[in-house]
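The structure appears below as structure tokens.
The values are calculated or read from the model by the stated rules, or taken from the named source; none is laboratory data. Keep in mind it's a predicted model, so treat the numbers as computed, not measured. Here the Cβ positions follow ideal geometry from the backbone for every residue, glycine too, while neighbour counts run over all protein chains shown.
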């Protein structure tokens, strides 16, 4: 399909899509990081996903004072549906997704625009910083280190790469977020790349599809995005919404099969299932834990299910059984497990006031 058929505006270079749900304490930081950009040719599509706090009032104030901010409201349906709506409305040449409790560096859009013009990449993958809840820097995450650790694929700053060139195909679990990349809008729309329509891990199918279909990905070894660790975020609460992972797994498997990628990435896909099923199990309410495990048995072989239960139990090595301290999570509750000579002592992690 010719990209000229898409609903784009030549004066808008970036469409920034932000799904918003009950983040009044952090939303101004996110929106101000956009107003303060050195690059000015952008639109911000804010999808208010049924917020019950003051988030919508905050959005409306930004929209009233700056015509680049567009506010759309919907009933609470989750980030997947909200982001898909943002893609459909986007008029920019490039798309960037930002979570409403995070923020970007002041030169992010300028850096990305110059790189897109120079390379004509489908996707730009960049590094990010992990911040404490108050916004202070905690550590920096390097994509180059992740991909080398998983697939021995050496990538340097300003390298253009393609996921299929990696000799080891252990890739599916290392780049699942949508916010540490920027995308050519015509590439996303031409391939009809969308998010899963649910409230958890909706970006897995989007990111994996985008990564595997792209011919040209540019890596920038620059921390352009700031990811905030937040106690009240959706990924840190026990919820039955975590059952959506079974639908996500089916979507991803069907995508791999449809595009003739499954044989190439089967081993990585099975490892991905182990990782995401154990993580989502840790956030299932206690009363539904057995039901979740039963559904796991339906999609895993007996050997795979055995591996999963070992992962869930946090089986220790001989050395760790002598002495170890581990942070574990079950039923949405974080604990610290102290093991001394095989004796396990579970200690609750105190919440910061």
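Just one of the listed residues (284, 257, 249) is outside the structural domain of residue 27 (by TED's automatic domain parsing) and surrounded by fewer than 17 Cβ atoms within 10 Å (Cβ to Cβ), namely 257. All of 278, 201, 268, 239 fail the test of being out of contact with any strand residue (DSSP E or B) (no Cβ under 6 Å at 6 or more places or on another chain) and either at pLDDT 95 or above or within 29 Å of residue 115 (Cα to Cα) (or both), apart from 201.
Taking the conditions exactly as written (over 16 Å from residue 202 (Cβ atoms) and in contact with a helix residue (DSSP H, G or I) (Cβ under 8 Å, 6 or more places away or on another chain)), does residue 256 satisfy them or not? The answer is yes for residue 256. Where helices (runs of 4 or more DSSP H) fall entirely within segment 17-132, those with at least 3 residues that are in contact (Cβ under 8 Å) with a residue 24 or more places away in the chain and under 18 Å from residue 195 (Cα atoms) are at 79-89. Looking at 174, 193, just one residue is in a loop (DSSP other than H, G, I, E, B), over 21 Å from residue 84 (Cα atoms) and within 18 Å of the chain's Cα centre (by Cα), and that residue is 174. Residue 16 fulfils the conditions (1) more than 30 Å from residue 248 (Cβ to Cβ); (2) touching a strand residue (DSSP E or B) at 6+ places or on another chain (Cβ under 7 Å) except for a single criterion, (1).
So that you can scan it fast, the table gives a plain yes or no per residue for (1) under 30 Å from residue 263 (Cβ atoms); (2) out of contact with any helix residue (DSSP H, G or I) (no Cβ under 9 Å at 6 or more places or on another chain):
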{"position": "118", "(1), (2)": "no, yes"}
{"position": "122", "(1), (2)": "yes, no"}
{"position": "155", "(1), (2)": "yes, no"}
{"position": "162", "(1), (2)": "yes, yes"}
{"position": "172", "(1), (2)": "yes, no"}
{"position": "178", "(1), (2)": "yes, no"}
{"position": "184", "(1), (2)": "yes, no"}
{"position": "197", "(1), (2)": "yes, no"}
{"position": "218", "(1), (2)": "yes, no"}
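Scanning segment 283-290 for any residue that is in a helix (DSSP H, G or I) and within 24 Å of the chain's Cα centre (by Cα) turns up nothing. The listed residues are 159, 180, and the only one of them that is closer than 26 Å to residue 107 by Cβ, surrounded by fewer than 17 Cβ atoms within 10 Å (Cβ to Cβ), modelled with pLDDT of 90 or more and in the same structural domain as residue 128 (by TED's automatic domain parsing) turns out to be 159. Picking from 69, 97, which residue would you name as being under 21 Å from residue 226 (Cα atoms), touching a strand residue (DSSP E or B) at 6+ places or on another chain (Cβ under 8 Å), surrounded by fewer than 23 Cβ atoms within 10 Å (Cβ to Cβ) and at pLDDT 95 or above? It is 69.
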